[in-house]
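Q: Could you have a look at this structure, given as structure tokens, before my questions?
Where a number appears in this text, it was derived from the coordinates with a stated rule and is not lab data. The structure presented is a predicted model; accordingly, all values stated were derived computationally and were not measured. Positions of Cβ are backbone-derived with ideal geometry, glycine not excepted, and every protein chain shown enters the neighbour counts.
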Amino acid sequence: PWAKRELLTLRHNSLQDDEDLQALLKGSQLLKVKSSSWRRERFYKLQEDCKTIWQESRKVMRTPESQLFSIEDIQEVRMGHRTEGLEKFARDVPEDRCFSIVFKDQRNTLDLIAPSPADAQHWVLGLHKIIHHSGSMDQRQKLQHWIHSCLRKADKNKDNKMSFKELQNFLKELNIQVDDSYARKIFRECDHSQTDSLEDEEIEAFYKMLTQRVEIDRTFAEAVGSGETLSVDQLVTFLQHQQREEAAGPALALSLIERYEPSETAKAQRQMTKDGFLMYLLSADGSAFSLAHRRVYQDMGQPLSHYLVSSSHNTYLLEDQLAGPSSTEAYIRALCKGCRCLELDCWDGPNQEPIIYHGYTFTSKILFCDVLRAIRDYAFKASPYPVILSLENHCTLEQQRVMARHLHAILGPMLLNRPLDGITNSLPSPEQLKGKILLKGKKLGGLLPPAGEGGPEATVVSDEDEAAEMEDEAVRSRVQHKPKCLPCPNH
């Protein structure tokens, strides 16, 4: 029943007969890539619920649940060599056969190679469509889907019914602590079929009874008076006096009923039930925060120095500062979270290619040019306002020239390399710098005016530069004094 419900929703969105979706439901053999020497053929298939993917595993003792992952856990699906794994380990494979699934949490990216470009397209486009569909669900659909996702995990024998023991697992999945005797009492009240198990609407009724909130019932009762549903006038009164909505009126009330009321009968009568009232309170429209403030509403026309900047320190690190991995993914994550100032700790690398890592440590190294490509692709996904690249530059002149060439070649017109027209007396504003990438760094001493000609500013070392040098010294000291691991004399 849960899978059928998802397919009905997809049919409503004209996706059930979609060619890409059908290819995913059929499944396909894909090459999973972990290293230059580890490529394994595995079968991947979209489940009938259209919300989870099953992946074949050869690991011994792996549970069925561990072979599934939810599409809701996917951050992004990338086509081509657009992760470090495929960039390093699949250069011999055409880009149109490669794709990657990037997850929201810290788990490893899933790098895959399809047998043909068409198969890769099916997976990338199909996943994009399902993710878009999930984002367009209304509040009630999201609530039902969340409940059913947890129920699928708790339904161990997969009979689409929930015994009391399975419902206890369901409650643990939802992190709901409840007394067993109370849960058993509600279970019996909801078991209208008298089968000692719950299914479909009975399960939803059980969830509603268990999570019933007295304060919301009280608020609804006060708003509705002696009736059972809110009229347009009653909803307007609630919006004016309780919600303090500036635009409260019949038009807003009717739009909320149309948007959140699940009962078609109540909707036709221009009324809101308690279910619709709850859906409204849980929505963005019912948020205590102003919807106008979900976008930038401040004055962005002041000089850049008038603003606090969301900044990242040691952006390249995924884990600890002494031995953790450096990764372009760290830059992508920071940018997707809205960070506007990134740190690039640059050092001389092999083959005349500058590298980025935490100096004097055992952190891994990444190419400066790869970081720039990641920044170029993701700089303005979360915000149109300028990105500042804070260069902590330890490179020789020769490799600094390479850095300059990469900056121009990779960032192109995004890079701000000359003053904006007509701005001479102050820094430009974030509004004027939309879509631009700025460089922040210390100039070479040889480029500064001779002592006495440039004034005191010519020899000033900023607090930030001094702090960076102090940090380098502290890190070098920690690495030098780190206890060494000695072999056990008994082995």
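Q: Where the centre of each part is set by its Cα atoms, how far does region 305-325 sit from region 20-46, in angstrom?
A: 35 Å
Q: Under a point spin-label approximation (7 Å from Cα along Cα-to-Cβ), what is the Glu72-Leu318 distance to one decimal in nm?
A: Here the modelled spin labels are 2.5 nm apart.
Q: On to the next question. If you rank Val93, Val77, Val371 by fewest surrounding Cβ atoms within 10 Å, what's the result?
A: Val93, Val77, Val371
Q: Ranked by Cβ crowding within 10 angstrom, fewest neighbours first, how are Leu372, Leu420 ordered?
A: Lowest to highest Cβ neighbour count: Leu420, Leu372.
Q: Let me ask something additional. By per-residue mean of other Cβ atoms within 10 Å, what is the highest-first order of 294-305, 333-344?
A: Going by the mean number of other Cβ atoms within 10 Å, highest first, we get 333-344, 294-305.
Q: Given the peptides 382-392, 193-203, arrange them by the average over their residues of other C-beta atoms within 10 Å, most packed first.
A: By packing density, highest mean first, the sequence is 382-392, 193-203.
Q: How would Arg418, Arg39, Arg213 line up from fewest to most surrounding beta-carbon atoms within 10 angstrom?
A: Arg418, Arg213, Arg39
Q: Does anything in region 235-276 have its amide N under 16 Å from the 7 Å Cα→Cβ label point of Ala292, and if so which residues?
A: Residues 244-249 qualify, since their backbone N sits under 16 Å from the label point.
Q: Rounded, prolate or oblate for region 220-289? Axes are the square roots of the Cα gyration tensor eigenvalues, ordered a ≥ b ≥ c, and the cut-off for rounded is a/c under 1.5.
A: Judged from the Cα gyration tensor, region 220-289 comes out rounded (a/c under 1.5).
Q: Right, another one. Taking θ = phi - 60°, what integer Hz values does the Karplus form 6.51 cos²θ - 1.76 cosθ + 1.60 yield along region 385-398, in sequence order, with x for Gly and Pro?
A: Values, residue by residue: 7, x, 10, 9, 9, 8, 8, 9, 9, 10, 7, 6, 4, 4 Hz.
Q: Could you pull out the pairs from Lys104/Lys434; Lys129/Lys434; Lys337/Lys434 whose alpha carbons sit more than 19 Å apart here?
A: Result: Lys104/Lys434; Lys129/Lys434 exceed 19 Å.
Q: Give me a comma-separated list of calculated 3J(HN,Hα) values for region 423-437, in order, Karplus coefficients 6.51, -1.76, 1.60 applied at θ = phi - 60°, integers in Hz, x for any Gly or Pro.
A: For region 423-437, the Karplus curve yields 10, 10, 9, 8, 5, x, 8, x, 5, 6, 9, 3, x, 10, 10 Hz.
Q: Right, here's the next one. For Lys442, enumerate residues with amide H under 5 Å from its amide H, sequence gap 5+ or separate chain, H modeled in the peptide plane.
A: Asn393
Q: In addition: Please list, by residue number, every one of the trypsin sites (Lys or Arg not before Pro) in region 157-187 that is coil in DSSP and has at most 10 other beta-carbon atoms within 10 Å.
A: Lys158
Q: What are the residues whose amide H is under 5 Å from the amide H of Glu76, where those residues sit 5 or more places off or on another chain and H is modelled from the backbone?
A: Val102
Q: Here's another thing I want to ask about it. Are any of the pairs Lys88/Lys443; Lys34/Lys59; Lys51/Lys274; Lys161/Lys208; Lys26/Lys172 more than 24 Å apart by Cα-Cα distance, and if so, which?
A: Too far apart for the 24 Å limit: Lys88/Lys443; Lys51/Lys274; Lys26/Lys172.
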